[in-house]
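Below: one structure, written as structure tokens.
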Amino acid sequence: MKRIILSRKGFDAKSGGNASPIFKDGRIFSLPIPQNYPSPTKYQDLDFDGISGDELLRETSASVLPHNYCHFDPLLNEEIGIFGQASSSQTELKNKGVSPGDLFLFFGWFKDFFNKGSDLHHLFGWLQIEKVIEGSENIKDFLKEVNMEHPHGYGDVSRYTNNTIYIGRRNLDIQEKTLPSKGHGLFKHTHKDLILTEQDKTRSRWKLPDEYFLNSKKLFLNRLKWEDEKNCRIFYKGFGQEFILNAEENPRIIDWATHLIKKYG
């Protein structure tokens, strides 16, 4: 594993207009962004542990409607995990050497609306790359072969330049050792270890655990940077989707990600 990618997904201020929900019982669900053209999924089709799409939207007072289409991506709760990327974000991933064996950790904007909680950047899922499929025709062929639907291979996909999907491994593989943990999945409950935002700070002020991130070397391969390196603090600027970390020179961050998946996945 050479790269760990913190990948921002789900509702934001421009798409959806509100945070994804942390429920009263601690469960979390990342609401996918709206899509103005047909996709495999409408919000009313969503189901999370028995919570309907309508309930998910009501929890957040979202500006979208149940019959609206959504861009349900990544798919992490199916037998096969799939994440799609395109355009300049995909070019960035490719140019930075993201490849099979590397790990996406997905995060987004969450809030406990019931308890009037703080706005948080919170991890909600993961996918370790088994293979990368490039090009719309290849993507459609794969989805047909496995009998799945995904926005990056549904209908007219000419809107996607550099169209690519990442397929998750069946089981997590760390340093050529296969673990019992799944290679893709959801963190279904909130926990402080999954929260990137520093306690009592705005959601863009991050505090990463010293145990794994202190004395990192050439950690950030694109736009992130330390604000306070000695205390592992970051001021997240909020632009872009993919934030690529150098795990090759900082193997302790692999231990961090593995710990999260084994304990909370």
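Structure above, values below:
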| item | result |
| --- | --- |
| Selection count where residues are buried (at least 21 other Cβ atoms within 10 Å of the Cβ), in a strand (DSSP E or B) and modelled with pLDDT of 95 or more, scope the range 7-40 | 5 |
| Residue tally, condition charged (D, E, K, R), surrounded by fewer than 18 Cβ atoms within 10 Å (Cβ to Cβ) and touching a strand residue (DSSP E or B) at 6+ places or on another chain (Cβ under 8 Å), over the range 150-172 | 1 |
| Residue, farthest from the chain's Cα centre (by Cα), within the range 233-261, restricted to residues that are over 27 Å from A86 (Cβ atoms) and in a helix (DSSP H, G or I) | R252 |
| Given (1) part of a strand (DSSP E or B); (2) at pLDDT below 95; (3) surrounded by 20 or more Cβ atoms within 10 Å (Cβ to Cβ), number of the condition L123 does not satisfy | (2) |
| Selection from the range 84-98 of residues that are charged (D, E, K, R) and over 16 Å from L245 (Cβ atoms) | K94 |
| Residues located in the range 169-205, provided they are in a helix (DSSP H, G or I) and more than 27 Å from K225 (Cα to Cα) | none |
| Residue identified as of a type in the set (D, E, K, R), surrounded by 14 or more Cβ atoms within 10 Å (Cβ to Cβ) and without any contact (Cβ under 8 Å) to a residue 24 or more places away in the chain among K144, K177, K140, K116 | K140 |
| Which numbered condition T202 fails, given (1) within 18 Å of the chain's Cα centre (by Cα); (2) of a type in the set (V, I, T); (3) surrounded by fewer than 20 Cβ atoms within 10 Å (Cβ to Cβ) | (1) |
| Among (1) buried (at least 22 other Cβ atoms within 10 Å of the Cβ); (2) part of a loop (DSSP other than H, G, I, E, B); (3) not aliphatic (A, V, I, L, M) - the single one S99 does not satisfy | (1) |
| Top-ranked residue in the range 235-265 [being surrounded by fewer than 20 Cβ atoms within 10 Å (Cβ to Cβ) and among the small types (G, A, S); ranked as farthest from P74 (Cα to Cα)] | G238 |
| Residues of the range 41-67 satisfying the condition of being surrounded by fewer than 20 Cβ atoms within 10 Å (Cβ to Cβ), not in a helix (DSSP H, G or I) and not basic (K, R) | D47, F48, D49, G50, I51, S52, S61, S63, L65, P66, H67 |
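The values are calculated or read from the model by the stated rules, or taken from the named source; none is laboratory data. As the structure is a computational prediction, the values presented were derived from the model and not from experiment. So basically every Cβ, Gly included, is an ideal-geometry build from the backbone, and we count neighbours across all protein chains shown.
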